[in-house]
Amino acid sequence: MADTASAPASGWTLTGVRLGAGGPPARLRVADGRITHVVPETDATADVPGTDGGPVLDLGARVLLPGLWDAHVHLAEWASARHRLDLAGTDSARAVTDLVRQQAGADDGTVLYGYGFRDGLWPDAPDKALLDAVLPGRPVALVSADLHAAWFNSACLALVGRADHPTGLIREHEAHEVLAALPTTPADVLDGWIEEACAAAAARGVTGVIDFQFGDTVADWERRAARFRPAVRVSAAVYPSHLDAAIERGLRTGDAIGGLVGVGPLKLFTDGSLNTRTALCRDPYPGLEGTDGAHGIEQTAPGELVRLMRRAAAHGIEPAVHAIGDRANTVALDAFEAVRCRGRIEHAQLLSPQDLPRFAELGVIAGVQPRHATDDRDVADRHWAGRTERAFAYRDLLAAGARLEFGSDAPVSPLDPWLAIASAVSRTHDERPAWHPEQRLSVRDALVAAARGRRRIRVGDPADLVVVDTDPLDADPDTLRGMPVHATMTNGRWTHGPY
């Protein structure tokens, strides 16, 4: 995946750096997208070879860290959300409709999109009648923060042939079907938004993402790679509807498909989400006892999950299995045990104690989103009452030998790895005390999880680096959240900063 067109042919020599959090002063050399030399400043006699004629940058005693990843994003959704009505922080259906009334603007006939509502704790229910009362003629489509539900007004439902839907609040697959039937943003516009979003991610120290955007993500990124060079590495997920095509093409997880863009894992689902009360759990949700959805929903039957994982793994495509509830995580781990392949479980939010050691035993990565723990603490306390000591159990996972990789699930939370690091370290993002502080991680462990397991800067590693103004080991949670990023380098090319 070479992509060093804008880097000098002779590479870079970096001086005046501190090598890692709490690390010693050092000099290093980068060439052809790799780190070729690392020399401690204490070795006064040593020189960095190959510096003749090449640029030498003094980074002013700043801290040099391995480049950070966001191991779970929906890039098109995140890029679009940056251009949509922001519903974050609304505390009722009525508050959302008030916001729609205030900010809808002129009725030009286009769909008004909004993003970010969380109805898990609302005192009232989303309903199409509420939206109809404030914007009756213009189609309105509002997507929940967890991407597992959408709220439509009557005009929008009529646009997609669902005028008879009783409430306009639609969840899971049906919501995705309705959203897919709406007019789409032109590809060139969306690609421009995504290019901007990648640059914004690089400005926060991100050097790579796993893009779990719904659809034919590989084909979409092949098109984009031919149009522009993203500021980050991209691993593009495969969905089951496109698995056969990927196999026919001989694509495998990790294969390059253009520049810094490669093939990612196969995305599979076992359940829904906490906020929609569709995460599959052993115990019923309070108030739903005795109903069909009391324990959440099963998205993929266990036998079908095993079949898809086995087929993908046989052709070199690693599975990434969405599992949030404790029952769903057991199902996912059982499937990994049956198939015996490498892969990931995405979210792993509620775990049974007996499943904790299985991640390490089976070699399954836990792709987790620490900001979800602080965003969802109240809804977890209500809907997982009596079980939250097992929720977002990152310290217990690490103690059991699991490998953690941090993500944001953007746009569910912002694409900013420092928010994830701060949430993992503090277990809060407001003035309240830490939520289940026994699950806090050290700054060092959080940095490793944010760098996909990369602990140090070594010769031979990809030249994916981030330069920060403050040593993370000296930073309080507020400083971590707003960590000043001086510069970011991906594959030997500066993607953010003054160079």
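Here the range 189-307 exposes an accessible surface that is 51 percent carbon and sulfur, computed with a 1.4 Å probe and the other protein chains kept in place. For the range 221-285, what is the accessible area per residue in Å², given a 1.4 Å probe and the full set of protein chains? On a per-residue basis, 33 Å².
Note on Ala399/Arg94: beta-carbon distance plugged into 1/(1 + (r/R0)^6) with R0 of 41 Å gives a FRET efficiency of 0.40. Charge tally around Asp191: other residues with Cβ under 11 Å, Lys/Arg +1 each, Asp/Glu -1 each, net -1. Ranked by the mean number of other Cβ atoms within 10 Å of their residues, highest first, the peptides 200-209, 182-191 come out as 200-209, 182-191. Measuring nothing but how far apart in sequence close Cα pairs (under 8 Å, 6+ apart) lie, relative to its length, the range 54-141 scores a relative contact order of 32 percent. Close amide H contacts of Ala236 (hydrogens built in the peptide plane, cut-off under 5 Å, sequence separation of 5 or more or a different chain): Asp211, Gly262, Val263, Gly264. Here the Karplus relation 6.51 cos²θ - 1.76 cosθ + 1.60, evaluated at θ = phi - 60°, turns the backbone of the range 15-27 into coupling constants of 10, x, 10, 9, 7, x, 4, x, x, x, x, 7, 10 Hz, with x for every Gly and Pro.
When you count the other C-beta atoms within 10 angstrom of each residue and take the mean per peptide, 455-462, 269-276 line up highest first as 269-276, 455-462.
Heavy-atom surface analysis with a 1.4 Å probe gives the range 69-186 a carbon and sulfur content of 52 percent of its accessible area.
Principal-axis analysis of the Cα atoms of the chain puts helix 326-339 at an angle of about 60° to the longest axis. Taking every protein chain into account, the 1.4 Å probe leaves Tyr499 with about 90 Å² of accessible area, to the nearest ten. Can you give the angle from 0 to 90° between the axis of helix 302-314 and the longest principal axis of the chain, with both taken from C-alpha atoms, to the nearest 10? Helix 302-314 sits at roughly 30 degrees to that axis.
Computed with a 1.4 Å probe on the full set of protein chains, the accessible area for Glu289 sits at about 110 Å². For Thr217, the shell of other residues with beta-carbons less than 12 Å away shows a net charge of -2, using +1 for Lys and Arg and -1 for Asp and Glu. For the chain, what relative contact order do you get, as a whole percent, if you take Cα pairs closer than 8 Å and at least 6 residues apart? Computed value for the chain: 18 percent relative contact order. Cα centroids of the range 191-268 and the range 394-458: 24 Å apart. Compared with the dominant principal axis of the Cα atoms in the chain, helix 417-426 is inclined by about 80°.
The values are calculated or read from the model by the stated rules, or taken from the named source; none is laboratory data. Predicted model, so just to flag it, every value in this text is computed and none were measured. Positions of Cβ are backbone-derived with ideal geometry, glycine not excepted, and every protein chain shown enters the neighbour counts. In case anyone asks, the SASA skips ligands and DNA or RNA and just uses the protein heavy atoms, side chains included. Shrake-Rupley method; radii C 1.70, N 1.55, O 1.52, S 1.80 Å.
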